[in-house]
1. Given labels modelled 7 Å from the Cα in the Cβ direction, how far is it in nm from B:N31 to C:R238?
2. May I have the pair-distance distribution P(r) for the stretch A:94-248, computed from all Cα-Cα distances with 10 Å bins from 0 and rounded to whole percent?
3. For the stretch A:160-223 and the stretch C:383-415, write down the distance between their C-alpha centroids in whole Å.
4. Going by how many other beta carbons lie within 10 Å of each one, how would you line up C:T305, A:T10, C:T385, C:T168, fewest first?
5. Taking the Cα atoms of the stretch A:224-330 alone, what are Rg (to one decimal) and Dmax (as a whole number) in Å?
6. I need the semi-axes of the equivalent ellipsoid of the stretch C:210-414: take the C-alpha gyration tensor, multiply each eigenvalue by 5, square-root it, list largest first in whole angstrom.
7. Once Rh for the stretch A:198-273 is found with the Kirkwood sum over Cα pairs, what is the Stokes-Einstein diffusion coefficient at 20 °C and 1.002 mPa s, in µm²/s?
8. At 7 Å along Cα-to-Cβ for each site, give me the label-to-label distance between C:Y218 and B:A4 in nm.
Amino acid sequence: MADNKTIKITYREALKQAIREALLGDERVFLMGEDVGRYGGAFAVSKGLLQEFGPDRIMDVPLSESGFTGAGIGAALAGMRPIVEVMTVNFSLLAMDQIVNNAATLLHMSGGQLNVPVVIRMGCGIGRQLAAQHSHSWEPLYAHIPGLIVLSVGTHEDARGMLLSALKSPDPVVIFEYTYMLNMEAEIPAGAGAVDISKAKVRREGKDISIITYGAGVYKSLEAATELAASGIEAEVVDLRVLRPLDETTFLASVGKTHRALVVEEAWRSVGLAAEVSARITEKAFYELDAPVQRLCGVEVPIPYPKHLEDASVPQRGDIVRAVKKMIKP
Amino acid sequence: MTEAELKTVIFQLLKQIAPDTEPSTLQSGDNIRDTLGIDSFDALQFLVALDEKLGIEIPEQDYGKTGTLEQLVAYVQSKMS
Amino acid sequence: MCERAFPNHLITKSTYNQIHIPMIEFRMPSLGADMEDGTLREWKVKPGDMVHRGDIIADVETMKGIIEIEVFDEGIVEQLLIKEDEKVPVGTVMALIAPSKAEVGVKTPAPEAKAPELHPIEEKMPAAAVSVPAHEGIRASPLAKRIAAENHLDLATVHGTGEGGAITREDVEKAIAERDIKLPPRAPVAAPPAVATDSIRMAVAAAMSKSNREIPHYYLDIAIDMSKALAWLAEANRQRPVQKRLLPVVLLIKAVARSLQEFPDLNALWDNGLQRKKDINIGFVVSLRTGGLVVPAIHHADKKTLDEIMEALNDLIPRARALKLRSSELSESTITLTNLGDGGADSVFGVIYPPQVAIVGFGGITEQPFAENGMLGVRPVLRATLAGDHRATDGLTGSRFLATLKKHLQQPETL
């Protein structure tokens, strides 16, 4: 009966509802991170949760990413289900040793005896003029590491559901959230909850070209597809969602249908996910290709501070439209 | 062997040699090779089959006497009697 | 230390094999210039089987029917790489054969191989992806090339509208649609052969188009008095049971083979230059009643007696009509002979089957006024023609060849 009912919600609120539902549903779950309690989260995602759940479950930590991420991994080993918030992806480099050398390897090094069910959330991407030390897109760095599951929250539905599924995983999950999208509103089903975290998803169907993207690229690509439809080009938009392990079946099937692929990502072009996706298409769908695979990626510079330069540093809707038109009608 | 029986045998053998033709539509005055589009190789195969089936050996100089269905039937009957 | 723990991961399976024994790669053979791919219907061998040169190891379906494929190496079948009913391009590796020199019967090639088999790092690729696309030098998308190959469309005839003039799927589909409009509608034929005669038609079309596009033909003809040959043949046949009788074409085949011994430049292939062939294998054109033709080879025709040539025809023609030929019979002809037979046209000027460099044509034998030694008489006359590849030979060679052919047919007893 409530199937068709939707609610309008911001990306921020969807993230918060997911955390709240997780805290309510499993007493082993707790949130830890810089300013998540008293301040309500650097981006106000956890505002009010301290009051509701108390300091044992909404835990402010010292400014030591390596220390508190390590504590989260320890808690996970001890049977808890910690949600570790790292304020931005840039700071996560300080925790990289814990994530890569401990969280990602312990299952392997213990011969399968130790699982590390930790969930590490981090804000990333441009959009709030936070400049070169707070705004990067380093999904590819983590997607490179065997032993991790890497998720990218490109839609409100996934903001509401990915965390819940990630907490069910016995293995460490890194979730990328996009600060640029926090205030964006969208409709989601009123009963939205946990979502699948193994598959990519076709967000819009089309027959002329596959736009393969993730994260902040998803809505931009969908808008571009709407604009392209007006000029008679039916673009299919594939949201990768799971950056590791990559669900190649979905995007290869899409390319098998459209025979053209444009990969869009905000991360730097060289050695990124777009390169990986492009390589797999060439390896496994070569004879389906009617044009060379193209990539539209972030410009290879430290993210600039001024708004117009910040905008120019990542692919925008207009860039996607132009790239697609060039591929279809050169 | 009656003429009708003989014709049936001839049609069967022709059908074996050239499965995609319809020998039973042959009229008695029709030239067999021309009508069915049978080449010299198949014609020889037919004579071999006729020999094996009925024991009638047609020498090369008599080929001209077996051109039409009517001629062939008469020739074979004369040899069998 | 970790690197030392997994050193073999650095060795892929193929390099592994190369280090220990070079495997013989058995590839999808090309059974003619018009063949681009084939479908494996049945393996006649399994891993571990010993194979010898000439053994039939697979049945492959091509546009020309189901062909028995022979192997030309000796060894033990190591691995079958292609599954039955899989369609692969010409040149695709279908099986690996361990050469027999490397210790017959020993399955594990080298002592190091005792370690549990390591999975190669590279993932298994679909077989089709391994081979080289058929059209080199043409800018076309992989998809366009694939669709063109599946539809037997020559990409050289397609105008590309993609980036930098590349041929796209749309261009190919348009070209196919235009071509199909030009082709007459299919006649409702109840075709007995398993393979549609359409595909044979397309195969002939592809080969003949290529020939006409690439080969500069020259044409010669000669009238040959066949009185002596036919008289000799009538006498020979009088002494034979009907099963052993010879057809006039047997004399023609043998006479051509004999003449080719003296003109090796006509018994050759053109592949960036003339390549003379040692064996004289005459491709004999067999027409299918439902349309189209196939050209099986009569191997070593110069070394066969007339009776052996007749036996070869008795074997080949019915199998050709049933589209059940072997790979060597479809791929090893060194020249083509087309014989119209009785009741048709007087002469035929053939189109060379690439990469061959000549085709000999015989019309029907008809009674003609014939002048000789100042006398006019009526004789059974045969018109023999030669179409030659002008890159390979000149008219003088062709003319001498026809004169030699005529001479041989005046001495049937020596054939």
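Every number here is computed from the coordinates shown, using simple stated rules; none is lab data. As the structure is a computational prediction, the values presented were derived from the model and not from experiment. Here the Cβ is made from the backbone with ideal geometry for all residues, glycine too, and neighbour counts use every protein chain on show.
1. 2.6 nm
2. It works out to 11, 36, 34, 15, 4, 0, in whole percents.
3. Centre-to-centre (Cα) distance: 77 Å.
4. So the residues, fewest neighbours to most, are C:T305, A:T10, C:T385, C:T168.
5. Expressed in Å, the Cα Rg and Dmax of the stretch A:224-330 come to 14.3, 44.
6. After diagonalising the Cα gyration tensor, the semi-axes are 26, 22, 16 Å.
7. 175 µm²/s
8. The answer from the label model is 6.6 nm.
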